[in-house]
Structure formats: structure tokens, C-alpha cells
Amino acid sequence: MRVVRSVCRMCHGGCGALIYVEDGRAVRVEGDPQHPVSRGYMCAKGLASIQLAYHPDRLRYPLKRAGDRGGGSWVRVSWNEALSDIAKRLLEIKERYGAEAVVFAHGTNREYLHMVYRLAHAFGSPNVTSPGYVCYYPRVAASILTCGGLPIADYDGEPKCIMVWGCNPLHTSPDEYCAAQLCRALERGPKLIVVDPRPTWLASRADVWLRIRPGSDVALALGLLNVIIEEGLYDRGFVERWTVGFDKLASHVKKYTPEKVEGLTWVSAGLIREAARLYALSKPACIQWGVKIEQNVNCTSCIRALVALMAITGNLDVPGGNVLCSPPPVTRFTEFMLTSALSEEQRRKRLGGEHKLSSMGSVVPPMHVVKAILEGDPYPVKAMVVFGSNPLLTWPNSKLVKEALMKLDFLVVVDLFMTPTAELADYVLPAATWLEIDDVAFYFYRAGYVMARRKAIEVDECWPDHKIIIELAKRLGLRECFWEDVEEYLNYVLKPSGLTWREFAERGWLEAPKRYRKYEEEGFRTLSGKVELYSETLERMGYSPLPDYVEPPETPLSNPKLAEEYPFILTTGHRSPAYFHSEYRQLPWLRSIQPDPIVELSPEAAKEIGVEDGDWVWIETPRGRVKQRVKVVPGMHPKVVSAQHGWWFPEKPGPEHGCFESNINVVTSSEPPYDPCFGAVTFNALLCRVYKAEG
Amino acid sequence: MVKLTLLIDPSKCIGCYACEVACKQEHGLSGWAEPFIKVKEVRRLHGTYVSYVPVVCRHCGRPPCIEVCPTGALEKTKEGAVLLDVEKCIGCGACIPVCPFKALVFDPEEGVVKKCDLCVERVKEGLEPSCVAHCPSSALVFGETSSLIDELRSKSAGQLAK
């Protein structure tokens, strides 16, 4: 028995893993107690890795479409044949319509994603679409703009108060966190504030639970700022020395009194005051934020309001607060992405360029791609190359997405399984799982670490995505921008560290030294060197320089007429410990934990519509309806329902695999208004009706 | 003889279900087979909206499963574990309804009953049972019965003293 020390990637992937290998076959995966962050932790998904790697339905060799698009007929082809033909077709489309007519796509924090950008940029296309417009990238970019880096909750620094906002980190390890860190921090008995419409395990045990109306997060944040400033609970020394625009922020939030905010958030003024005092007076205090703060029109403002909270309470870059970590010594992403290869002319063609902060990070919000395919606006998009993403499930307004994918001249999908999106492709290429890959894992990059993921097994003709990208690049005539093989690429990534891949793999990880209060010596890495509570940069770009609240377009307050027909507030995407977005429904070890899609609603709502726990219901919005199974949850607001995302049924027949039955994005909207800076759509505050379905 | 115990503290269980998958992997439970440890979600318990309770064989002091087993397939070891000998099990299922924890699982493929064995093979290697090793919140703890009891006592005393 051989034990390979590696790094899991069943979610974004950062936890240390031990892979036990017998006769070339992985037989067990367990947590690695020596890993510096996860320290032996391994979640349900990680422990099911073997079932993923050896799943009978995995794609095992390249497939080429044989009949009509989406008709389910395929022929097996060789890698060389597939990649050569793909390159030929992409070059033809480039020749005829321009490189921008080819859009590249990747899924949630795939660790090869910077190579996808490199491929697109070297090819000449400015268009890489990803979940980056509603997930994580806004937090990174808006934080850099405000305080010069992404502020990470410093669990090792022993926070006395933890404010969890818009996530359930015990059930999923988000961003650069591992669930075990929060578990360890809770053992020390800190004060706990939870901002969540759902009565989760954490919310149930919080000192203060703020049961927020979905989508009103920024109003709540402005209310907390109001209390902290009005009651003089902020850190005067820090504010005077290290912030810009405090007075403007102070007069701006004056109108967000707890009483006003109560009307917007449905959280009582008393609780708002209590939470503000608890957070401001417990030193140190950290905010653990999550993706839900980004998924509506207030994305930028909410992030900036929360950074303002961290800053004015003196919790930025102090032990136990929110820290700004230095990155480990690896090649910088900007170089990696080869943005410089793109001409100014091509850059100006980037779809969704009006969302300037997304565009600056080369992120294209997907609804602009859908529009370009369907309407040729501002120009036609003819081909897509999709790596590890399932747009039919994860992009808003799924039926429109299907229409768009069907209209493409050419679609390539790289994935582990024949997903509903892959079913519509011209070529489907089999990717490797994390057990089959040598890689530098970036998950903890912004927390100061990179980790070595080491290949333990091989499965048929499955290739790691970075190998696929390198081999495709060669056939596109882009060899000079790439590498001969994966090892050469890994050496390039590691060059600044002075280590080769093999040395790094032996060592396991690289860590940047952790230093607190770096601003005292270097200032904050913003234009002013201070925390920019008021942002002249945003003002110059034509955006609001102060965080402000805009009512999302589809709520009882903004559209009371629609609310008469669709009386419930729908928030989508609450996590299950068994799944990662649209992945893993085909793994029995995980599916048996939660076999069906779940919509949570209150006992009052259940009574009103006449349903019980376990009943199937239709969730309907003006876009359409889908079926999920009721979980009656005491403690939910009677007007709020919370549905899961990513549901398709691999066991159902193709090409749809039931992808329009329970997939919540059938009912979400891809229409404006969007968050102006990032183009975020609203996934967390829609209006719906709910009624009983048969079976 | 050192007695060993798997101690459960439901107040700490966060409902991550890692123990269930750890158990399936460790015991090679294929496909849809039930794990020997199951996490039950309880809504509205002691003033909380949601709690989770891991349920697994408690390796009882006077195990009713042993009393009803007609073939002597179940036995209690000196270390305290209730173990099932698959070779002796005839799959009659008499033990299943008498277990207060519903901790015995019938395997329809092999026609025998299966249950938690406290991961005896792992423990021999000096490892913790897999569910315990992968519990992130110390809801599951494994160790010598006497020292676990001492720990619990001092913890309760500490809480009373507060």
C-alpha cells in the first residue's frame, strides 16, 4: 500500500488528503493530519472521492457528436483527432468572425482557470466567462479598491466575536476557508453573530441572529455602521490616521437609523443595536462573509460596507480580526493570465465591458454572452469552449441558456461526466479528477498558502485540464505562449519560489510569512495608502463613491403589484454538505445523504399553502416553474422560501437528464438591473409562488 | 483490560455527514447501502431550531441484540465492543427491532446483518475509528472509557464552578 500526500478538490479544494493506493488503484482517501490548515479534516465530499474517480458513468475518452446537436449520438475519437479538429474549427471561426466570436468558460474556482485566460488571450479573445461576476471576484476586487487586499477572518488569531454573514461555512468550506477552522474557533467560545435568513445550526446557537430579509444585506450593514458611528463605538485613532472619507460616510449613514433599517431588513431595531455593539466592542472581532452578499444589485456596496465595518472598528489586519495576507512566492496571476497579449482593440471588445470592475479583471458576466449568441449584440458569438462548468444549471434563466447553446456553431465541453451542457456539445473531452493530477493548488492563496496536489492514479484516457489546454494551444499555433508539458508549466508557476515542481511536491506547501498591522509600515495598498471609505476611484468611473442601498428589482417593496401574484420571497442556492454546485448527484455515498432537491419554508407558509414536510411543490416565478421537495423549517420567516441550486438527475435519460425539472435557474432572471460595477444578477431576492405538485 | 468507548456529544454535531461517508468508505459499503452511523436532523430541540444527533451502536452494557441472536453471531468483547461475526450470522434479522438505536443494518446482497465494529482494524493500527477521525467538531470522541469519564467529570465540574 502506497500513501500519496495530496490536496483534495471536491469543492474549491484545499484540504490535505492522504490517498491510499494499492496496485495502481486508489482504495481510500482520508484527511491529512499534517496539513497546516485542515489538520486532518475531510468532509463528506472529500471522503467520497473514490466513488468519483471510479464512477462507471465517467467520460473515459474524447467523443465527437455524430447526429444532430443534443441528439445523444457520439463516436469515440482519439485525443489527437479531437484536438486537431477543434483547433481547426476555432481558427476558422476566428478567421471569419474575429477571435472575440470564441468565448471561453470555466467553472467555480477551477485551479487551472488562469490558464483558460491565458489560452483565450493568446488566441486573441477578450471573452472568458465564469461565475466570477457573482462569486468571490467582487469581494476580491472591491476589497482591493477599498483596503488594498482581501480581508480574511483570522481564526488563528482567536477572535472574541465572529460575525458570519451570508454563508454557512460549517456545511461548505467557502473561498479560502476550511470548515474546520470555524469549528476550532467556536471551541474557544467567542461571541457569535449570524446574518442569515435561514435558521441554520450556527444561527440557532448565535448570541445574535439577524434573520434578514433576503437581498437587504447592505441596508443592514449601513444600519450597523449608523449605530457604531452615532454611539461613538468606532476606533477613533485608526479612523483618523488610516481612513479616507469617514465624515462623508458618517453623514451618509445618518439616514440608516435602526428604525429605518428595520423596515428594510425585517430585523428589529433592538437586535440591530445589539449586534452593532457586540461586534464593535468585542476585540478582536472578525467577519466571515460569503457569496450571498454578492448575488444582487447591491454587490459592490455590500462588500464595501462590510470592509468599512472592519476598518472603523479597528479590526483590519490585527490578530483575530480580518487580515490582509501576503501571497506565497509564486508567479502572479496577472502575468499568468497573459493579459498583455491582448491588443487594446480586442480588450475594448470584451462583452459586458460596461461593468468596469468585472472587465478590469477580465471577467465576462454570462448573460452578456447569451445575448451576443442570440441577438448578435454587440457582435455574434459563434463558439464556446467550456472547462469544468455546467451553464445549463448555473447560469441565470436556464431555458434561454439552452436556446443560446443550441444556436452556437461550435461547442466544446471538458468535464468528468456527460452533463446536460456536455450533451449539447460538438466535442466532449474527458477531464481528470483531482486524484489524477499534479498541480499547484491555489485555494489558500489569499490566506498565504499554495499546496501540492499529487497524482496518485490514472483513469483510462482522462487528461488533466491543464494538459488539455497545453495540447490545444500547441495545435492553435500558440506553443510559444505555453509549455511543452504540465511539469514545465508547474515549474513556471513556482519559479519565484526558487523551487522546482518536484522539490515543491516533496515539501507539500509554501507559506507566506504572516505579519499583522503591515499598514503601520507600508500603508494600505490603495491609491491613498489608507482605507478608502469614500472612493474617488469609483466616483471617477461613474459609480457611487459610498456604499448605498438600492432595493432589488423584484421584492414586495419594489414591485408590490407582482408580489400580490407571487407572494413569497425566494432566495436560491443554499448549500448541502453533499454537493458542490451541480456536481456529485451521481455518487451514491453523497446522494443518499440528500436524495432530492430541497426547498425550505416556514410552518406558517406550509400551512398556508397546504403542504407538509416531504411534499413536492412547484416554485414559480414569471420565468417558469420547477419542482423541489418541502422541508418545513421552524424559524424561517413566513414570507421567505429558500431553494437549492444545481439540481439535475444524472440517472434520468439524456440529453436533458431532468435539468429543467428542479434546476432553480429555470426561474431566476438574467435581465437587468445588474450590480453596476460587476454585473451581478439577483439570485437571492426574487418573488415566487409555491404550491403543491403531484409526485 | 482497557475498555474503549465511542463517546457522542450531540450538542457539538454540526450535521456535516462526514461520519456517514467515512463509515461507508471504511467498511466498503457499496452503492446505496446504509452506513452504520447515521446523522439525524432534529428541528426544534431545547430552544434551538436545528440540531443533529449522530446515531450509532452504543455497544450497550447488556446488549439486547446479543440476547436475541439465535446463533451466537453477536458477542461483547472484553474491550467493550459488540461485534458481529458475519460467518455465524444467518440474516434472520431478530436483532434489528430490539436495538433501541436501530444501529443494525441488513445487507440484502449478502443476506447478513452488519454493524459498527468500532473500526477494530484501524484501532489495532493505532488509528481512531474513521468517523471519529473525520468529525470536525469533536461530537465524536474515542478513547479509554475511564479517561473519557474523567474528562467529562472535570468538564461538568468546571461548568458548575462557573
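What follows draws every value from the coordinates through simple rules; no lab data is involved. Everything quoted here is computed from the prediction, not taken from an experiment. As a convention, Cβ positions derive from the backbone with ideal geometry for all residues, glycine included, and neighbour counts pool all protein chains shown.
Side notes on the structure shown:
- For A:V27, the residues whose modelled amide H falls within less than 5 Å of its own, excluding neighbours fewer than 5 places apart on the same chain, are A:Y20, A:V21, A:E22.
- Region A:98-174-region A:537-561 distance, computed between alpha-carbon centres (Å): 22 Å
- What you get for region B:4-161, charging only the Cβ of Lys and Arg (+1) and of Asp and Glu (-1), is a dipole of about 660 debye around the Cα centre.
- Of all stretches in chain B that contain no GluC sites (Glu not before Pro) in a DSSP loop with at most 15 other Cβ atoms within 10 Å, the longest one is B:1-86.
- Note on chain A: helix-only mean residue ellipticity at 222 nm, from DSSP H runs of 4+ residues weighted -39500 (n - 2.57) and normalised by residue number, equals -8500 deg cm²/dmol.
- Out-of-range pairs (alpha-carbon distance over 26 Å; input A:K45/B:K114; A:K45/A:K518; A:K627/B:K102; A:K652/B:K40): A:K45/A:K518; A:K627/B:K102; A:K652/B:K40
- Mean per-residue shielding of peptide A:586-594 is 5, counting Cβ atoms of other chains within 10 Å of each Cβ.
- Percent breakdown of C-alpha pair distances by 10 Å bin, ordered from the shortest bin, for region B:4-161: 10, 36, 37, 14, 3, 0
- Taking the longest Cα principal axis of chain B as reference, the axis of helix B:145-161 is set at about 30 degrees.
- Gap separating the Cα centres of region A:323-372 and region A:516-531, nearest whole Å: 25 Å
- Phi-derived couplings, Karplus 6.51 cos²θ - 1.76 cosθ + 1.60 at θ = phi - 60°, listed residue by residue for region A:163-171: 10, 9, 10, x, 7, 10, x, 7, 9 Hz, with x used for Gly and Pro.
- Dipole magnitude of the protein assembly as shown about its Cα centre (Cβ charges: Lys, Arg +1; Asp, Glu -1), debye to nearest 20: 980 debye
- Listed values for region A:584-601 are Karplus-derived 3J(HN,Hα) couplings in whole Hz (6.51 cos²θ - 1.76 cosθ + 1.60, θ = phi - 60°), namely 6, 5, 8, 9, x, 4, 9, 4, 5, 5, 8, x, 10, x, 10, 10, 9, 8, and x replaces Gly and Pro.
- Values of log10 I(q)/I(0), in the order q = 0.15, 0.20 Å⁻¹, for region A:1-132 under a Debye, Cα-only, solvent-free model: -0.98, -1.16
- Of all DSSP-defined beta bridges confined to chain A, some 50% are antiparallel rather than parallel.
- For region B:29-71, diffusion coefficient by Stokes-Einstein and Kirkwood Rh (Cα), 10 °C, 1.306 mPa s, µm²/s: 119 µm²/s
- Using θ = phi - 60° and Karplus 6.51 cos²θ - 1.76 cosθ + 1.60, couplings along region A:318-333 (whole Hz; Gly, Pro as x): 10, x, x, x, 10, 9, 9, 7, 7, x, x, x, 10, 4, 5, 4
- The separation of region A:433-448 from region A:2-74, counted between C-alpha centres, amounts to 13 Å.
- Amide H within-cut-off set for A:A456, under 5 Å, with H built and near neighbours excluded: A:E436, A:I437
- Average partner coverage of B:125-138, which counts Cβ from other chains inside 10 Å: 4
- Rh (Kirkwood; distinct C-alpha pairs) - region A:153-233, Å: 13.6 Å
- For the protein assembly as shown, the equivalent ellipsoid built from the Cα gyration tensor has semi-axes of 40, 35, 28 Å, listed from largest to smallest.
- Out-of-range pairs (alpha-carbon distance over 24 Å; input A:K160/A:K514; A:K639/B:K38; A:K371/A:K561): A:K639/B:K38; A:K371/A:K561
- Dipole of chain A, positive end: most advanced residue of A:V386, A:S358, A:T526 [Cβ charges, Cα centre]: A:T526
- For the cross-link pairs A:K255/A:K399; A:K292/A:K607; A:K260/A:K399; B:K24/B:K88; A:K254/B:K12; A:K191/A:K255, the ones whose C-alpha atoms lie over 32 Å apart are A:K255/A:K399; A:K260/A:K399; A:K254/B:K12.
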